[in-house]
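Every read-out reported here was derived from the displayed coordinates using simple, explicitly stated rules and does not represent laboratory data. Source: prediction; values computed, not measured. Note that we place each Cβ from the backbone using ideal geometry, even for glycine, and neighbour counts take in every protein chain shown.
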Amino acid sequence: MPSRPVKALLSVEPGVDPVEVRDALPSDENFTVVAVASSAEETLSWLRDGIVDLLLVACAGYSDRALLLLDSVHRQHPDLNVMVLGQGSPNGFLTRAFEAGADDIVMLPATPEQIRFEIHKLLARKRKSEQPSLGEGARLVCVLGPKGGTGKTLTSTNVAVALAQRGHSVALIDLDLQFGDVALCLGLPPERTVYDLAQSPGALDWDKLQAFLPQHSSGVRTLIAPRRPDQASAVGAELLREVYAIMRANFEWVLVDTPPGFTAEVITSIDSSTDIVMVGMLDSLSLKNTKLGLETLELMKYDPDDIYLVLNRAHSRVGISQSDVEAVLGRAPDILIPSDREIPRTVNEGIPIVIARPQSEPAEAFSRLAELLAGPTAEAATEPALAAAAPEPKRRRFGRKA
Ligand SMILES: Nc1ncnc2c1ncn2[C@@H]1O[C@H](COP(=O)(O)OP(=O)(O)OP(=O)(O)O)[C@@H](O)[C@H]1O
Ligand SMILES: [Mg+2]
């Protein structure tokens with residue numbers, strides 16, 4: 001949820017029980033229903049006060065009154081966020097509601113968590129479309145994994161370094177705000193962190209941000225996670241969006257290492273990203289969670305072509321075949337990373353395996369992932385044998401479907 005509470009106005013159509021709808025809405029310090037209006041006049045009068053961030057219109061079926069209200073709201077308050085809470089799926093109503101100006105529609109019954117997630121997505125998407133197109137050219141890659149310990153940090157640190165080794169300017173952000181360990185994996189002292197950035201006075205610009213980005217010997221600049229878990233809450237979605245915009249204007253690649261799951265910060269980062277690297281492991285529990293993660297991205301309308309699937313600890317001895325994986329996930333993994341005893345050793349030494357053991361299988365897998373993202377290097381592209389062996393880069397610019 002955004003850093004300040006969302007103020008919502010609930011407009012209830014005849015035939016809808018306001019108490020039932022109110023009970024379905026989130027109830028926490030991040031979300032307040034300022035009033036419940038039971039007519040179009042009452043709704044428009046509340047909106048005139050300008051204190052509402054979000055209008056929720058609850059209706060029972062196909063409702064011309066609701067469509068008229070949506071149309072008036074859209075004309076009088078074109079920038080207002082509007083979500084319809086519908087019941088049943090009356091013929092043609094959803095399309096008409098979107099045409100009349102609804103930004104999103106959630107069908108009831110839904111849990112408060114589902115509604116909170118939809119509201120967060122709607123507000124994040126709206127803010128994104130309002131942002132100046134600062135640094136649109138750079139790629140922002142969100143490294144995700146639905147569960148802890150799948151290899152997200154291992155992947156993001158090694159791919160960041162592999163991209164830098166190919167001559168790109170790269171920034172790596174540790175978004176695991178409570179337990180981030182990018183600094184450890186890169187052997188960097190956690191001198192200045194994103195918490196210090198959040199605490200520092202004055203507006204954020206490139207000059208200021210640079211002072212908080214220590215440089216790794218590979219050239220990768222990093223924004224390090226807070227030193228203590230209690231400092232995590234100081235880093236809000238607003239700051240992250242600013243940081244992403246400035247970084248995309250100043251680097252070719254911005255990688256984001258994330259905590260497990262779809263937290264509010266992760267959703268904000270997905271919304272700002274052009275590509276996703278989903279890291280799963282080769283066991284049935286992890287595959288199930290990876291599938292759930294991919295389905296969540298689909299619900300968020302993320303283009304599957306912009307999602308790279310990495311399977312970590314992948315080797316043939318676990319009794320799951322490539323075709324089992326494809327049957328569960330509905331697609332083949334792009335990169336397989338084998339289990340390797342060298343990996344924990346390089347993590348402990350704070351030297352990514354692409355530097356410490358560049359000829360090892362995992363290092364080659366990370367380099368292939370960098371190549372898949374960025375395309376072959378200039379030398380490889382002009383060397384026929386190498387070019388033929390190089391994976392086709394997927395050419396895309398933005399992660400969201402239009
Ligand atoms: N392929 C592998 N072979 C051997 N060890 C591995 C492999 N992948 C990961 N590990 C080890 O597993 C541990 C967890 O990896 P990593 O920190 O990258 O996971 P994560 O997804 O970032 O975890 P978290 O969700 O806790 O942030 C690391 O200590 C790493 O050394
Ligand atoms: Mg991690």
Could you order peptides 150-161, 257-268 by the average number of other Cβ atoms within 10 Å of their residues, highest first? 150-161, 257-268
What order, most packed first, do the peptides 76-82, 60-66 have when packing is the mean number of other Cβ atoms within 10 Å of each residue? 60-66, 76-82
Looking at Ser39, Pro109, Leu70, which one has the Cα that reaches farthest to the positive end of the dipole of the range 6-130 (charges on Cβ: Lys, Arg +1; Asp, Glu -1)? Leu70
Would you kindly derive the ³J(HN,Hα) couplings of the range 81-86 from the backbone phi angles with the Karplus curve 6.51 cos²θ - 1.76 cosθ + 1.60 (θ = phi - 60°), listing them in order in whole Hz, with x for Gly and Pro? 7, 10, 10, 9, 9, x
As an exercise, identify the trypsin sites (Lys or Arg not before Pro) in the range 293-358 lying in DSSP coil whose Cβ has no more than 10 other Cβ atoms within 10 Å. Arg341
In the range 135-241, the GluC sites (Glu not before Pro) that fall in loop regions by DSSP, at most 11 other Cβ within 10 Å: Glu191
Work out the charge dipole of the chain with +1 on the Cβ of Lys and Arg and -1 on the Cβ of Asp and Glu about the Cα centre, then indicate which of Val194, Phe262, Val220 is farthest towards its positive end. Val220
What number comes out for the charge environment of Glu113, summing +1 per Lys or Arg and -1 per Asp or Glu over other residues with Cβ under 13 Å away? 0
When the Kirkwood radius is taken over all Cα pairs of the chain, what Stokes-Einstein diffusion coefficient follows at 37 °C and 0.692 mPa s, in µm²/s? 144
What net charge is computed for the residues neighbouring Val235, neighbours being all others with C-beta under 13 Å from the C-beta of Val235, Lys and Arg scored +1, Asp and Glu -1? -4
